[in-house]
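Just below is one structure, and these are the notes that go with it.
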Amino acid sequence: MLVALGAIGSQAPRRPISLLVVGGIVVTENGSHRVLSPGAVAIDGSAIAAVDTPDSIASRFTAAETIDARDQVIMPGLINTHTHAPMVMYRGLADDLALMEWLQKYIFPAEAKTVSPEMVRIGTRLAALEMIESGTTTYADMYYFEEEIARTTREAGLRGVLGQTILQFPVADAKTPAEGLARTEAFIREFKGDSLIVPAVAPHAMYTNDRATLVACAALARKYNVPLITHLAETEDEVRIAREQHQSTPTAYLESIGFWGPRTLAAHGVWVTDEDIQVLKKHDVGVAHNPESNMKLASGIAPVTKYLRAGVAVGLGTDGAASNNDLDMFEAMRQAAFLAKLATKDPTAVPAQTALDMATIGGARALGMAQDIGSLEAGKRADLIIVSMAAPRQTPMYDPVSHLVYVTRGDDVRTTIVNGKVLMNDRQVLTLNRATVIADANRLAQKVREAVRR
Ligand SMILES: [Zn+2]
């Protein structure tokens, strides 16, 4: 009798949920780096309901839809903490140059002639397609017409921390910084509270904005409690400018004008002193590390191990596709690990687990979103990817974390889920028409080519 009662007790009604992902190796990226082999993830609406063994999940939940992830890895979606999505349209347009020459002779002029709401929509669709296909579920952006980027991102189903760029000189969407600030405020009002889009203020850099503009940007971000994003200490040229104009490092100058605060994100942070690192730590500034862009533009090597040792939240970024030239975060992980080892002559610098952390939970922390994304844990948003481990280059597999960083490519991602919604199912992107997106981009590229030639 007691036994029977026990059996009845264990068969409590199972909770109906929307989606189950079962049977794969679950790399949770939780606080103890738990890996379940096999494991399962229960998703209810936009949230993760539970992460556990397949038996436990099966006894507690009944799902409207089930995805079989056998022989694959289930992991948090990747977080690209720094890019300029529409710049995929300038992919391969001007390579093998240093940042200042590349920006001033090629990119700024090309942008002056070709950036428009249409260009931004077409470029963002292409970038979103590439990100969904390579496992990025959240990205931080800085560009023009950011409201168009936000609408397109929402249609594609991706999560975005999207910063309207502000510059001192006239740009495609604003003749003056004041106009840029007004645009940014309207943008924040339109998207604040959105389930996928976090609007942000993005002054381009300390050397492309004057003090008054930088202060106004920080004030606007604080007024609405939204992120403030900027490029920081990317090149030695920037450090020279800061020394000449402000007798200070870029980081210290920005501190002296009250720029730093919670919810600030600094992209690059290559040329920083130990004191600068302490300043960034003191103000809880997140750092977006972009190893591929820094290498390609020969900007320098960010002191990632020093940041991590100081307790600074470090995420990974690809930077815009014009300086990478792709948005594959798996490659960013691998390069981050390799570059740190080479720079410190220490093969234990940035091990695979640390590189994976930076691309997931570290990126979430850098963006101030670790309560919602970055790991597979009950209560967080259901942003996850399923990655094939069947390629010859992935065989055999002793350690899934090693494989995710050292041999996996974006193309190995089979399924991408954001906010509980399947954006790509077994390589079929469901929210964008792949052929149309690529054809539109190729058509627009003709205009870019003609504009740059003139
Ligand atoms: Zn950038």
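The values are calculated or read from the model by the stated rules, or taken from the named source; none is laboratory data. Since the structure is predicted, the reported quantities are computational estimates derived from the model, not experimental observations. Every residue, glycine as well, gets a Cβ built from its backbone with ideal geometry; the counts of neighbours run over all protein chains shown. What goes into the accessible areas is simple: the full protein's heavy atoms, side chains included, and nothing from ligands, DNA or RNA. Shrake-Rupley method; radii C 1.70, N 1.55, O 1.52, S 1.80 Å.
Quick notes on this one:
- Single residue of the range 224-280 satisfying the filter (closer than 30 Å to Phe191 by Cβ and open to solvent by 30 Å² or more (accessible area, probe 1.4 Å)) that is nearest to the ligand (Cβ to nearest atom): Arg263
- Taken as a whole, the condition of being of a type in the set (A, V, I, L, M, F, W, C) and over 15 Å from Met142 (Cα atoms) applies to Ala178.
- Hey, Ala218 in contact with a Phe, Trp or Tyr (Cβ under 6 Å, 6 or more places away or on another chain), within 16 Å of the ligand (Cβ to nearest atom) and at pLDDT 95 or above or not: no
- Residue pairs whose Cβ atoms lie under 6 Å apart, separated by 6 or more positions or on different chains, with the first residue in the range 287-299 and farther than 17 Å from Glu101 by Cβ and the second hydrophobic (A, V, I, L, M, F, W, C) and within 10 Å of the ligand (Cβ to nearest atom), are Ala288/Ala267.
- Residues in the range 101-125 that are open to solvent by less than 30 Å² (accessible area, probe 1.4 Å), in a helix (DSSP H, G or I) and at pLDDT 95 or above: Met119, Val120, Ile122, Gly123, Thr124.
- Some residue of the range 325-340 being open to solvent by 10 Å² or more (accessible area, probe 1.4 Å), outside any helix (DSSP H, G or I), within 16 Å of the ligand (Cβ to nearest atom) and not basic (Lys, Arg): yes
- Being more than 24 Å from Pro227 (Cβ to Cβ) and touching a helix residue (DSSP H, G or I) at 6+ places or on another chain (Cβ under 9 Å) is a description that does not apply to Gly123.
- Cβ-Cβ under 8 Å pairs, at least 6 apart or on other chains, the range 322-345 side over 21 Å from Met131 (Cβ atoms), far side among the aliphatic types (A, V, I, L, M) and within 16 Å of the ligand (Cβ to nearest atom): Leu339/Met295
- Subset of the range 405-426 [open to solvent by 40 Å² or more (accessible area, probe 1.4 Å) and in contact with a strand residue (DSSP E or B) (Cβ under 6 Å, 6 or more places away or on another chain)]: Arg414, Asn425, Asp426
- Residue count, the range 172-193 (criterion: open to solvent by 30 Å² or more (accessible area, probe 1.4 Å) and outside any loop (DSSP other than H, G, I, E, B)): 9
- If the condition is being in contact with a strand residue (DSSP E or B) (Cβ under 6 Å, 6 or more places away or on another chain) and either crowded, with 23+ Cβ neighbours inside 10 Å or not polar (S, T, N, Q) (or both), then the range 205-217 contributes Ala205, Leu214, Cys217.
- Criterion (over 15 Å from Asp194 (Cα atoms), among the polar types (S, T, N, Q), away from the ligand (no atom under 16 Å from the Cβ) and touching a Ser or Thr at 6+ places or on another chain (Cβ under 7 Å)) met by exactly one of Thr137, Thr153, Thr124: Thr137
- Subset of the range 295-313 (residues that are within 16 Å of the ligand (Cβ to nearest atom) and not in a helix (DSSP H, G or I)): Leu297, Ala298, Ser299, Gly300, Ala302
- Qualifying strands (runs of 3 or more DSSP E) (wholly inside the range 52-99; at least 2 residues being within 18 Å of Ala378 (Cβ to Cβ) and either free of Cβ contacts under 8 Å to residues at least 60 places away in the same chain or open to solvent by less than 60 Å² (accessible area, probe 1.4 Å) (or both)): 61-68, 72-76
- Close Cβ contacts (under 8 Å, 6 or more residues apart or on different chains) running from residues in the range 227-250 that are farther than 24 Å from Val161 by Cα to residues that are away from the ligand (no atom under 16 Å from the Cβ) and among the polar types (S, T, N, Q) comprise Val239/Thr249; Ala242/Ser248; Ala242/Thr249; Arg243/Thr249; His246/Ser256; Ser248/Ser256; Thr249/Thr273.
- Test for Glu292: is it within 24 Å of the chain's Cα centre (by Cα), buried (at least 22 other Cβ atoms within 10 Å of the Cβ), within 16 Å of the ligand (Cβ to nearest atom) and part of a helix (DSSP H, G or I): yes
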